[in-house]
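Structure first, commentary second.
The values are calculated or read from the model by the stated rules, or taken from the named source; none is laboratory data. Note that this is a predicted model, so its numbers are computed, not measured. Cβ sites come from the backbone with ideal geometry, for glycine too, and all protein chains shown count toward neighbours.
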Amino acid sequence: MKKVVIRECPDYTPDHVKTTLKESLEALGGLEKWIKPGDLVFLKVNLLTGKEPKEAVTTHPQLVKALTELLMELGALVILGDSPAGPFLQGRMRKIYQLTGMTTVAKETGASLNWNLESDPVYFSAGYRLKDFHVMKAIKEADHIINVSKMKTHSMTMMTGAVKNMFGIMPGLKKAELHFRFTDPIEFGHAMVDICEYASPVISIMDGIEAMEGAGPSAGDVVKNGMILVSEDPYSLDIVASEHMGIKPDSVPTLKAARQRNLCQSLEKVTLDTSLGEGIKKSFKLPDTREPDFLEKYGRWPVVGSIFKQISRKHLRPKPVVNPKKCTKCKECYTICPAEAIDMLEKVPGFRYDKCIRCYCCQEVCPEKAIWIYRPKILKWFGGTK
Ligand code: SF4
Ligand code: SF4
């Protein structure tokens with residue numbers, strides 16, 4: 001059975017974070033189990049976009065700092081990085097490192113920020129859907145990867161945590177291409193699992209001290225959640241996190257794909273080492289992107305289910321909509337849209353819903369939270385995947 005450690009940590013006070021993280025890692029055998037003096041360790045943090053830590057979009061710098069210090073006390077060399085949504089460019093990275101607090105972490109600890117924006121092709125023979133793809137060069141040069149994710153809901157994949165965090169080793173707009181290649185969520189989930197398996201982080205950590213609910217991963221609301229989670233197994237970590245958030249693991253494409261590949265099972269098959277007395281379950285607000293699943297609901301009558309499904313795909317699918325009052329016409333959504341379903345009209349972006357693949361990358365990158373998801377009210381009665 002895979003083990004997941006959960007420890008309460010009420011806030012980002014430096015001492016709390018470092019002590020709690022150290023205790024959590026010791027419950028798994030301590031960092032020295034994986035790291036030797038002189039090892040180059042890449043901390044794959046979540047730097048989705050340039051947001052301040054208080055917005056809970058990115059891994060909090062205090063957690064990154066605590067981990068960096070623990071690694072350096074063991075004599076390791078630390079490099080911090082991610083390839084955020086959108087183009088992978090020097091100026092953009094400078095701004096993102098600055099806003100997310102990573103520049104300060106590097107200054108205060110002596111860790112390096114990753115400025116190597118080159119990518120390398122890899123061949124991963126064990127991949128189910130992805131065998132040939134590109135990763136950041138810096139990832140290949142490191143001795144170990146540590147996965148430092150953030151607990152958030154996610155418009156396309158319901159939640160993002162440890163497994164989805166590894167998607168960021170793929171550079172820049174190559175990620176958007178992947179959305180276009182795998183429009184079916186489970187197929188996309190398999191691609192994420194391929195990337196995670198390739199990266200094989202030695203340990204996965206989740207910043208659940210302040211999490212995000214609702215329109216995640218960037219436009220949701222902050223939840224004071226008070227916990228750090230760690231595990232050697234990113235899938236078990238995500239199962240525990242999804243159950244905690246009130247999301248069925250099978251509605252998370254990465255977990256469904258991992259389950260199909262026998263990489264994980266269910267919460268009952270995870271050994272939980274938790275300091276939370278009253279159980280781990282909470283209920284997060286979910287994204288409005290849940291699609292009606294008539295086949296699941298009316299599975300006993302497959303013909304009726306599939307007719308309903310066809311109707312719903314045409315008329316009832318949630319869709320991105322822009323709020324013209326908030327839009328600054330920055331074109332970030334237009335640049336990232338993998339389906340070329342956005343036209344920059346004179347005033348605001350216009351969506352071509354017949355082309356839209358519902359990846360919600362546009363909402364993810366919008367710096368003004370100007371894109372929201374319209375979900376027909378009728379879906380309240382007909383349900384939706386959760
Ligand atoms: S990303 Fe947001 S602010 Fe920028 S053009 Fe699109 S909707 Fe407007
Ligand atoms: S319009 Fe938005 S949701 Fe639709 S394909 Fe483009 S980025 Fe994805």
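Scanning segment 67-83 for residues that are out of contact with any strand residue (DSSP E or B) (no Cβ under 9 Å at 6 or more places or on another chain) and either free of Cβ contacts under 8 Å to residues at least 24 places away in the same chain or surrounded by 24 or more Cβ atoms within 10 Å (Cβ to Cβ) (or both) yields a total of 1.
Inside segment 71-89, residues that are of a type in the set (G, A, S), closer than 24 Å to E32 by Cα and assigned to a loop (DSSP other than H, G, I, E, B) make up a count of 2. The test for being surrounded by 20 or more Cβ atoms within 10 Å (Cβ to Cβ) and either more than 21 Å from the chain's Cα centre (by Cα) or assigned to a helix (DSSP H, G or I) (or both) holds for I35.
For segment 338-355, the tally of residues that are of a type outside the set (A, V, I, L, M), buried (at least 18 other Cβ atoms within 10 Å of the Cβ) and closer than 15 Å to I373 by Cβ stands at 2. Residue count for segment 63-97, restricted to those that are closer than 17 Å to K152 by Cβ and not hydrophobic (A, V, I, L, M, F, W, C): 2.
Taken over segment 271-287, residues that are over 21 Å from the mean Cα position of the chain (by Cα) and either surrounded by 14 or more Cβ atoms within 10 Å (Cβ to Cβ) or modelled with pLDDT of 90 or more (or both) amount to 6. If you filter segment 207-232 down to residues that are over 15 Å from the mean Cα position of the chain (by Cα) and surrounded by fewer than 19 Cβ atoms within 10 Å (Cβ to Cβ), you find that the one that is nearest to C327 (Cα to Cα) is D221. Restricting attention to segment 252-275, the residues that are in contact with a Gly (Cβ under 9 Å, 6 or more places away or on another chain) and more than 17 Å from D194 (Cα to Cα) total 0. Only one residue in I186, I169 is more than 19 Å from I79 (Cα to Cα) and of a type outside the set (F, W, Y), so which one is that? Result: I186 is the single residue among I186, I169 that is more than 19 Å from I79 (Cα to Cα) and of a type outside the set (F, W, Y).
Take the residues in segment 207-216 that are out of contact with any Pro (no Cβ under 9 Å at 6 or more places or on another chain) and not acidic (D, E); name whichever of them is farthest from K285 (Cα to Cα). In this case the residue turns out to be G208.
Applying a threshold of 7 Å to beta carbon distances and a minimum spacing of six or more residues, or different chains, the list of pairs starting in segment 305-331 at a residue that is over 20 Å from A219 (Cα atoms) and ending at one that is not in a loop (DSSP other than H, G, I, E, B) reads G305/F294; G305/L295; S306/L295; F308/F294; K309/F294; K309/L295; S312/F294; L316/L379.
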